[in-house]
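What follows is a set of notes on a single structure, which appears directly below.
The values are calculated or read from the model by the stated rules, or taken from the named source; none is laboratory data. Given the structure is predicted, the values throughout are model-derived calculations rather than measurements. FYI the Cβ positions are ideal-geometry reconstructions off the backbone, even for glycines, and counts take in every protein chain you see.
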């Protein structure tokens, strides 16, 4: 029997406050579950605005501990209610050291079990994306989580410009990689349908990637949506998300295509890591 996983993404507009944003995502999660989804990913920093257009310490207030913070606990309850695996990007404060913050995604299994987290590794710091003011670079590597729907990895927004981590996720066994983002119109928009697709075909896994929609109070440009799933051959699965409208995308993914693609294009077999030393030289 084919390994069909029904997966969901939500590209959402900012509501204006944290509680209503969480409630919105809870509502959409129930809608996705009603449509038979077994896994769902939320967008980058899902319960807040994308505040990195400015450098302002007031936004440190959005941080929580993971997994001991209230939103992680609430998402564990949501996973149990819906029977879905949830990938939940949040603003994390280090459990041991106050004032150290990360851009993080918690991974929660379909029974509500907290499986672990990924911390965004690559942190930009350019006009409109002042992220080093808010986030320390991730230090947990590239974990792949054994979930009820298969082997899931996470990469976050700016990470997508770096193929090394995407390859590491593949080598660590990922079958499905989620890439939640908050990306506004401008220089990198034309890359949106290229980079994540390239990661999928180079590594033989599915990718589900999200971008926000709408204009937020701190930004001059709008987020351009266009969330999508693509398969291990680099083909889009269904339609791409709208460029302006909030949208729930639910797609069927045949995970048997992972092995099929890897047996067709033997990229992992034909790698030459002994020849790549210069790539990681300081």
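Quick rundown of the values:
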{"read-out": "Test: residue in the stretch 73-86 that is within 30 Å of residue 127 (Cα to Cα), crowded, with 20+ Cβ neighbours inside 10 Å and in contact with a strand residue (DSSP E or B) (Cβ under 7 Å, 6 or more places away or on another chain)", "value": "no"}
{"read-out": "Test result for residue 133, over 23 Å from residue 250 (Cα atoms), out of contact with any strand residue (DSSP E or B) (no Cβ under 7 Å at 6 or more places or on another chain), surrounded by 15 or more Cβ atoms within 10 Å (Cβ to Cβ) and modelled with pLDDT under 95", "value": "no"}
{"read-out": "Complete set of residues in the stretch 189-208 that are under 21 Å from residue 126 (Cα atoms) and buried (at least 17 other Cβ atoms within 10 Å of the Cβ)", "value": "192, 195"}
{"read-out": "Any chance residue 7 is buried (at least 23 other Cβ atoms within 10 Å of the Cβ) and farther than 20 Å from residue 220 by Cβ", "value": "yes"}
{"read-out": "Filter pass, residue 142 being buried (at least 21 other Cβ atoms within 10 Å of the Cβ) and either touching a strand residue (DSSP E or B) at 6+ places or on another chain (Cβ under 6 Å) or assigned to a strand (DSSP E or B) (or both)", "value": "no"}
{"read-out": "Qualifying residue in the stretch 229-238 (condition: surrounded by 13 or more Cβ atoms within 10 Å (Cβ to Cβ), touching a residue at least 60 places away in the same chain (Cβ under 8 Å) and touching a strand residue (DSSP E or B) at 6+ places or on another chain (Cβ under 7 Å))", "value": "yes"}
{"read-out": "Within the stretch 209-228, considering residues that are in contact with a helix residue (DSSP H, G or I) (Cβ under 9 Å, 6 or more places away or on another chain) and not in a loop (DSSP other than H, G, I, E, B), the one surrounded by the most Cβ atoms within 10 Å (Cβ to Cβ)", "value": "209"}
{"read-out": "Meets criteria (more than 18 Å from residue 25 (Cβ to Cβ) and surrounded by 18 or more Cβ atoms within 10 Å (Cβ to Cβ)) for residue 92", "value": "no"}
{"read-out": "Hits in the stretch 59-112 - residues which are within 19 Å of the chain's Cα centre (by Cα) and assigned to a loop (DSSP other than H, G, I, E, B)", "value": "63, 65, 66, 67, 84, 109, 110, 112"}
{"read-out": "Extreme residue, nearest to the chain's Cα centre (by Cα), among residues of the stretch 113-123 that are part of a loop (DSSP other than H, G, I, E, B) and surrounded by 17 or more Cβ atoms within 10 Å (Cβ to Cβ)", "value": "120"}
{"read-out": "Test: residue in the stretch 256-278 that is touching a strand residue (DSSP E or B) at 6+ places or on another chain (Cβ under 8 Å), in a loop (DSSP other than H, G, I, E, B) and at pLDDT 95 or above", "value": "no"}
{"read-out": "Boolean, residue 13 is touching a strand residue (DSSP E or B) at 6+ places or on another chain (Cβ under 6 Å), touching a residue at least 12 places away in the same chain (Cβ under 8 Å), assigned to a loop (DSSP other than H, G, I, E, B) and buried (at least 21 other Cβ atoms within 10 Å of the Cβ)", "value": "no"}
{"read-out": "Residues located in the stretch 159-185, provided they are in contact (Cβ under 8 Å) with a residue 40 or more places away in the chain, closer than 22 Å to residue 45 by Cα and surrounded by fewer than 16 Cβ atoms within 10 Å (Cβ to Cβ)", "value": "162"}
